[in-house]
Every structure is written in C-alpha cells, then in structure tokens.
Amino acid sequence: MTSVKPYLLLPLTITSSLNAMERQDLKLWYEKPAARWEEALPVGNSRIGAMVFGGVDVEHLQLNDSTFWGGSPVEYSKPAPPGTLEAIRALIFAGKEEEASRLADRDFMGKPKFQAAYQPIGDLLLRAQDGEKPTEYRRELDLRTGVHQVRYRRGGVEFKRTTFASYPDRVLVVRIEADRPGAVGLEAILESKFPGTVRAIGQNVAVREGRWQDDGRRKDWISHAPGPGIGFSIALRAICQGGKVSSSPEGLRISNANSATLILATDTSFVDYRNIAGSPSDEWPKLLDTAAKKGYKRLLASHQRDLGKILERVELDLPASATSSLPTDLRLKAAQEGKEDPSLAALYLQFGRYLLASSSRRGSQPANLQGIWNQDVSPAWGSKYTTNINLQMNYWHAEVANLSDCTDPLFAMIDDLQKTGAKTASDFYGARGWVLHHNTDLWRGAAPVDGVWGVWPMGAAWLARHSWEHFLFTRDRRFLSARAWPAMRGAARFVLDFLVEAPAGSPVAGRLVTNPSHSPENGFIKPDGTRSVFTYGATMDLQIVRDLLQSCQLAMEELRLGSRSEDGALAKEIHSALERLAPLQISPKTGRLQEWIEDFDESEPGHRHMSHLFGLYPGTEISPSRTPALAAAARKSLETRLANGGGGTGWSRAWLVSLFARLQDGAQASAHLQALFARSTQPNLFDSHPPFQIDGNFGGAAGIVEMLLQSHELAPDGAPQIDLLPALPDAWSEGKVRGLRARGGFEVDFEWRNRRVTAARIRSLTGGSATARVNGIPHPIRLARGAVWDFRQP
C-alpha cells in the first residue's frame, strides 16, 4: 500500500532508506602522469584555474586567471549607416538573401569585426631531483573535495603531492611530502607565454610580472589589438619544514626539506570591462601573507568545507559494473568499446557539477567555452562566450543540479551586457532595450561580429530565460524584481521593436516575424538551388521570442505589475505581439518541424546545431502531452539529423540527451549519453568538440538530470509538475538520487527499484504547491516552507 504524507520535519524512515546504499567512489584516477593537456586534471577556484599533469621528474601546472584576456576595453558598437537595416530587410523579404548578406557583412558589423580571446597566464613547473623510476604511482582528483593528489614511491621513499585551489583564500596550494626526512627537493619555475620578468622578494617569494601583448599572427575569429593589454602577476611563496628555501633566476629552490607548501596567487590589472588601469600587484601580497599565516592544514580544511558543501548537495548512485573500479581512462575506454557502466554517468554528472563550482563563483567571470582552463594563446573560437547556445548550455545544469549560487557570474555579465547591448540596440536597430548577438567577451561586446552569421540578435532574449529560470527554481522575489525583471523587460522591449510584419506572398503574411534572422549556424537551399543562411522568421527566433514574452507576462503577474504601473503599456504590447506572432510549422512533405518559415531543405542535414528544437529543450513550447503533433514533428527532425550524421560534436551530442529526455525516450537519451562517452570525451573526461569545449560536460550533466527529474510542465492548477523518472533507461533499473532541484522551489530525493520509485521526499524551500508525478500517478501537494512530502511504496 502506498503511503503519502506531509511532514514538517524530515521523517527518519525515509532518511535511512535513502542513505542505506553505499556511497559510490567519486574520483578520477590514473596509473600514470598526463602525457598531454587533455589527460591533465583541472582544479580551480573560479579565479585561478590549473591543469595538473601529475609528473614525477617535472610536475606541470598550466595556469589561467579568469580576468586575463587579450586586447583592452573596446566598444564594438558603431552606428550602422542610415537605412542599412531597412535595406537588408527589404532584400530578404524580396528573396535576395545573398545581396542582403553582402550588405550586412559590409555595413552591419561591429568594429573590430572579431572579439578578444581568453588567454593562459603562465605555468608553474616543479622540477624534482633526478632519481629512480617511480613505482606504485597513482594520481587522482576527488570530486567530493576538489583535492588532487599524486602518490608514488621512488628510491625507497614515498612521495605525496596534494594540490587544490581555494575559493575562500583565493590561492592555489601545492603540498609536497615524503616519508623520509630531508627527501623533498625541487626547483619551482614560473613561466609565461608573454614577456615579463621574475623577481625575488626575500628568499621565499618569487613573482613573475608581465603584460599581455598581441604577437601579430593571424588568428581565426580573434581580433588583433596592438595597444597595451592587461598586466599580470603570478606570485609564489614557499614554506618548508626542515631544509631551506632560496631564490633562483626563474623562481624558488627548495632543498633537503621534510615537506614543503607552495602558495600561488595571480593578479591582473583588470578592474572591469571598461578599465584595466588597476595594479596587478595590489592583491597578491596580502593573499600570500594571509594564507601563509593560516597554514596548510587550515587552508585545506577551509577549502574542503567550502567546496564540499556545494559538491555534497547532490548524490547519484547508479548500478556499478565490472569496469567501474578501473582507472578512469581504462573505464572510459571500456565504455567506448560498448561495455555498460551506468555509474560512469553518475561520475560524469558530479564532474560537471565540480567543473562549474570550480569555474563560476560569485566575484568571478562566467564559465567560458573552456570554463577557466585554456593553454593556447589562439584557442579555438577564442575560448569566448558563444551566445547562440554554448554559454547558455554551460548553465543548463546549474539550477537542476543544485548549483544556483554558481550562476551569479552569469547574471553579473547580463547586468553589464544590458549597458553595452542598449547601445548596440540603438546603433544598429534604432530600438529600445538591449540586444546581444552570437558572441561576447571580457569587454562585453554586443554587436554583430565574425560574419553575416553573426547578425543573430536573439542572444539577450535567450539569456533572459536564465534569469526567469533562476526565479522559478529559487522563488527569490528580490532577485526577480531587482535583476531578472530588468533584464527580461529590456530584452522584451528590443524584441517588440525588432519584430516586423511579414509581407504579402509570405506563408505567414501579416504575422510578426524577425528580420534579419538565422537558424544558427545552419543554412538552407531554395527551390532554385541557391543557398543562404540569411532569412526572416527562423523557427528558433520565433520560439525564443514567444518564450521571452510569455515569461514576461508571468513575471509581471508575479510582481503584480498591473495596467496602472509604468509597465502597463508594455503588457499590452506583449499581449498584442503574442497574438500576431508567426506560428511554428510542420512540413507537409516531410512531417518534420520546419527550421525556416518556408519549407526549405537544409544545407547540412546533419548539422551540429538543432536550433529549431529550442522549443523542446531548453524551451517548453513543445511537449508530448500538450502539443503531441509538434513533438512528433520534432522527433522526425531529430531522426533526420541523426540519419545524416548529427550529434557529431560533444556539445551537440549532449544536447541530444536532453532532447530525447524531453520526449520521454530513455533508451535514446541513454544511447546518446553513451555516444558522448564513446566519441566525444577525453581521458580526463573533458568534452571534445573537438577540440575541448566545456559546454558538452555541462550539457551532458543537465541531460543526466533531465532523464531522472523534470519540472517544466504545469499541472492543471498551474503549479509545477515534478515528474520522477520521466526517461529512465533500462540499464538504470535501480538507483538513488539526493538533492536535485525542481521549479517551484523544491528539493527532491528518491530511490527506485525495477524502474519504479520506492521512496521519495520532496522538501519545499520557500512554501508552495506542486504535483508530484510518481510511477505515473499525480499527487497534488501543498507545503509550508521547510515541510516535506513523504512517499513510500513497498
């Protein structure tokens, strides 16, 4: 018999039931050092990122600082020549897309045409004393604590090297220990790819100082910036137990120590996106002094408390297999050979959570295309913020995977972009509000860049969805009023000014459409055989616009912004625009959801972007239960993409996991998760586009949660519907999860056996109503703040 009860206090029976399963190991581990960057392991505190290679003769830590970028403050937005937008629109409506493309590429681009790139700040090399070949080697990264360790035996001595990046203390710490007194000896070398000098401060501090400079070489999708760039410092302090520390021309030298602690801080001249006139030596002296006084044990303890409280919020246990106990690279290889290892998905989820917690915390920059880890001065796509999906994908798992506090850097960026985007909206479109195109960087560029495909003004509207989603998950009305609503309102004002009426002869004549428009980053073939990417009313645009305007209506209701408020006129504009917006269309010849207003064939039928499926995920317009015809058409679109090689990049494959999860197809969602492991995952579990892009890690983590829990649908009373196990694959027939978040301000724990939920608890964080859908049966619940709904089924 099923028992369902509300509780004010968490019942002990359900707690013990959910915690009875043994905790699974959450470590990436290897039996040899990294031979290349994609085998090294990441640590980070959102400001400092380090890739740790785990070497014996030479340990290599490749370093980044989240504020160390190329270039200098720049205003990309320059007013377009009068009449340019109108001319582009007229050409597109007349079917002269190529003429419109040439005009836009000439007169409707930001200046400079390309944006800046994220840069590596330097390297720390620890060159040890020569010795025998090591034995009993192991390196690991603990995803519960964010601590990296290397252990090996050499010459009868056991060495241990511990590395972590502390967010509370804002430093990187490396501890070297040996079980024989006086056995620790090494030279710590500070290097950088940019000009600079190393200076000693006493015997135990070395500082490498320099400034970013453009090397003048051609780079794809990266601007040249001949002026002076950001200044930087990498400061290192050594503390020895026994032995001594001395300075060297390249850093510090440690000899005959029992153990040694290295404390590293980075600093730059970056103040904000308009100002790099700060001193790159303001912060590190205090940081090193404070950390040194605190001592290694307290530094480690505060780091573990801080990161651990985030990482421990969520626990996922899935069935182990014969390969689950293998080193991570061999475990991944077994998955690539088709061997089942469900618990690898649990490890991958926690790795995705670890990466965001290590690269996106309050006071830092948002996670970019590589999070905060980048070794190249000319990284792929500049390691920027690509805003036609990639930046958004970085934060898809943030709310559902209990990382809401890691989203603040994204909202801080949105605060900045509302300023630069307002100028771009005025300069290029003569519009109110703010706009963002397909890329931005440290300098908060909002103008069209790169090429005509960059004339895609939907970035602000999409980012505003994250602000609304944050409210839905947290029910933080202060955030909604102070930060989310201004961003949403500004994005809506732009959209309302940007929409135009489709002319006679259009399939949607008289309806509102976007123009110019793209379906990122695909193109189409017209009946006469001509190809283009430029059009009007692409399906993704219409989905994003509808999503934004409907969210604005809900936000205004939540904030009680009635007709008499200053937003009353806006409410009427939004209502009118939604009434007139062009609808989604299903192709009569293929049964697929059309990607464009007209039923064109794709230039690349297997394109990595599945832009017209935004309304299925991450949007909510398409639903198997509410809009079955659109859902069936979306599935046909997916099948066609896949039949033509779709999902060929890591992040694209990760997107497929969530798309099929929204279709409640656990088998397909699981198949694409396995393909993500098999085809697009590096030995260190980094996603491979190729090359490395972190969005696939984050999108894959989101997809895993989407298979287990969904809350985007609304019950008949308008409350969120919390659906447990909506897309469970056969291989996950039993398991346990704790700490997931659902819209409406709920935290959810449950376990299942034989594909049926056997125990669950739903805790309200703010007080409110929901419908819990458990084993296909809806259970309306209403909870006070802190109260718990308890479900048990034998």
- Task: Once you have the Cα-Cα distance between Asp179 and Val58, take 0.36 nm times their residue separation minus that, and quote the gain in nm to one decimal.
- Result: 41.6 nm
- Degrees, to the nearest 10: 485-498 long Cα axis against longest axis of the chain: 50 degrees
- Query: Fully extended, how many nm does the chain gain between Asp130 and Asn775 (0.36 nm per residue separation, minus their Cα-Cα distance)?
  - Reply: 226.0 nm
- Query: Can you give the charge dipole size of region 222-291 about its Cα centre, rounded to the nearest 20 debye, using +1 on the beta carbon of Lys and Arg and -1 on the beta carbon of Asp and Glu?
  - Reply: 240 debye
- Message: Given axes a ≥ b ≥ c from the Cα gyration tensor, I'd like to know whether region 355-510 is rounded (a/c under 1.5), prolate (a/b larger than b/c) or oblate.
- Response: oblate
- Note on the structure: Placing +1 on each Lys and Arg Cβ and -1 on each Asp and Glu Cβ in region 208-334, then taking the dipole about the Cα centre, the residue among Tyr296, Ser279, Ile234 whose Cα reaches farthest towards the positive end is Tyr296
- Query: Ranked from the most accessible area to the least, with a 1.4 Å probe and all protein chains present, what is the order of Leu344, Leu103?
  - Reply: Leu103, Leu344
- Would you mind getting me the FRET efficiency between Lys572 and Glu98? Use the beta-carbon distance for r and R0 = 35 Å, nearest 0.05. 0.35
- Query: Say each of Arg199 and Glu639 gets a label point 7 Å from the Cα, pointing the same way as Cα to Cβ; how far apart are those two points in nm?
  - Reply: 6.9 nm
- Note on the structure: The farthest towards the positive end of the charge dipole of the chain, of the residues Asn256, Ser66, Ser680, given +1 on Cβ of Lys and Arg and -1 on Cβ of Asp and Glu, is Asn256
- Query: Normalised by the number of residues in region 76-179, what is the relative contact order in percent for Cα pairs under 8 Å and 6+ residues apart?
  - Reply: 15 percent
- region 36-110 and region 706-783: distance between their alpha carbon centers, rounded to Å: 38 Å
- Message: Over region 530-588, what is the relative contact order in percent, taking alpha-carbon pairs closer than 8 angstrom and at least six residues apart?
- Response: 44 percent
- With a cut-off of at most 11 other beta carbons within 10 Å, and DSSP calling the residue loop, which chymotrypsin sites (Phe, Trp or Tyr not before Pro) in region 54-135 qualify? Please list them. none
- Dividing the surface of the Cα convex hull of region 521-646 by four yields a projected area in nm² of 8.9 nm²
- Excluding ligands and nucleic acids, what accessible area in Å² is computed for Phe194 using a 1.4 Å probe, to the nearest 10? 10 Å²
- Item | Label point distance in nm, Lys297-Lys160, each placed 7 Å from Cα along Cα→Cβ | 1.3 nm
- Message: Computing the accessible area with a 1.4 Å probe over protein heavy atoms, can you report the carbon and sulfur percentage for the chain?
- Response: 50 percent
- Message: How far apart, in nanometres, would the label points at Ala715 and Gln553 be if each is projected 7 angstrom from Cα along the Cα-to-Cβ direction?
- Response: 2.3 nm
- Please list, or write none, the lysines whose alpha carbon is within less than 22 Å of the alpha carbon of Lys133, excluding same-chain residues fewer than 8 places away. Lys32, Lys160
- Item | Under the Karplus curve 6.51 cos²θ - 1.76 cosθ + 1.60, θ = phi - 60°, whole-Hz ³J(HN,Hα) for region 399-412, x wherever Gly or Pro sits | 6, 5, 9, 6, 10, 4, 6, 8, 8, 4, x, 5, 6, 5
- Query: If r is the Cβ-Cβ distance from Arg782 to Glu340 and R0 is 45 Å, what FRET efficiency results, to the nearest 0.05?
  - Reply: 0.65
- Message: Through the Karplus equation 6.51 cos²θ - 1.76 cosθ + 1.60, θ set to phi - 60°, convert the phi angles of region 200-208 into ³J(HN,Hα) values in whole Hz; use x for Gly and Pro.
- Response: 9, 10, x, 9, 10, 10, 10, 9, 9
- Item | Sparse-neighbour loop sites [GluC sites (Glu not before Pro); region 23-78; at most 10 other C-beta within 10 Å; DSSP] | none
- Message: Heavy atoms only, 1.4 Å probe, whole protein assembly: order Thr474, Thr268 by accessible area, highest first.
- Response: Thr474, Thr268
- Task: Order Cys406, Cys240, most accessible first, counting only protein heavy atoms with a 1.4 angstrom probe.
- Result: Cys240, Cys406
- Item | Phi-based couplings in Hz for region 434-439 (Karplus 6.51, -1.76, 1.60; Gly and Pro marked x) | 9, 9, 9, 9, 8, 8
- Task: Working from Cα positions, state the angle (0 to 90°, nearest 10) between the long axis of helix 568-580 and the longest principal axis of the chain.
- Result: 70 degrees
- What relative contact order, as a whole-number percentage, does the chain give when Cα pairs under 8 Å and 6 or more residues apart are counted? 14 percent
- Message: Placing unit charges on C-beta atoms (Lys and Arg positive, Asp and Glu negative, everything else neutral), compute the dipole magnitude of region 585-690 about its Cα centre in debye, rounded to 20.
- Response: 300 debye
- Sorted by chain and number, the residues with a modelled amide H under 5 Å from that of Ile586, at a separation of 5 or more or across chains, are Gln594
- Item | Folded to 0 to 90 degrees: helix 296-311 orientation relative to the chain principal axis, Cα | 20 degrees
- Note on the structure: Summing +1 per Lys or Arg and -1 per Asp or Glu among the other residues with Cβ less than 13 Å from Leu656's Cβ gives +3
- Task: Determine the dipole magnitude for the chain: charges of +1 sit on the beta-carbon of Lys and Arg, -1 on that of Asp and Glu, nothing else is charged, the reference point is the Cα centre, and the result goes in debye to the nearest 20.
- Result: 1680 debye
- Under 5 Å from the placed amide H of Ser248, counting only residues 5+ away or on other chains, we find Arg253
- Query: Rounded to the nearest 10 Å², what accessible area does Lys333 show when all protein chains are kept and the probe is 1.4 Å?
  - Reply: 110 Å²
- Cross-link partners among lysines for Lys309, C-alpha distance below 24 Å, same-chain residues fewer than 8 apart left out? Lys27, Lys294, Lys297, Lys736
- Task: Please state, to two decimals, what the Cα-based radius of gyration of region 118-239 comes to when divided by 2.2 N^0.38 Å (N = residues).
- Result: 1.34
- Length released on extending from Thr590 to Ser481, taking residue separation times 0.36 nm less the Cα-Cα span: 34.8 nm
- FRET efficiency (Asp282, Ala504; Cβ distance; R0 60 Å; to 0.05) is 0.40
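The values are calculated or read from the model by the stated rules, or taken from the named source; none is laboratory data. A quick note: this is a predicted structure, and the numbers were derived from the prediction, not measured. Quick reminder, even Gly has a Cβ in these numbers, built from the backbone with ideal geometry, and neighbours come from all protein chains shown. Quick note on the areas: whole protein, heavy atoms, side chains included, nothing else; ligands and nucleic acids left out. Shrake-Rupley method; radii C 1.70, N 1.55, O 1.52, S 1.80 Å.
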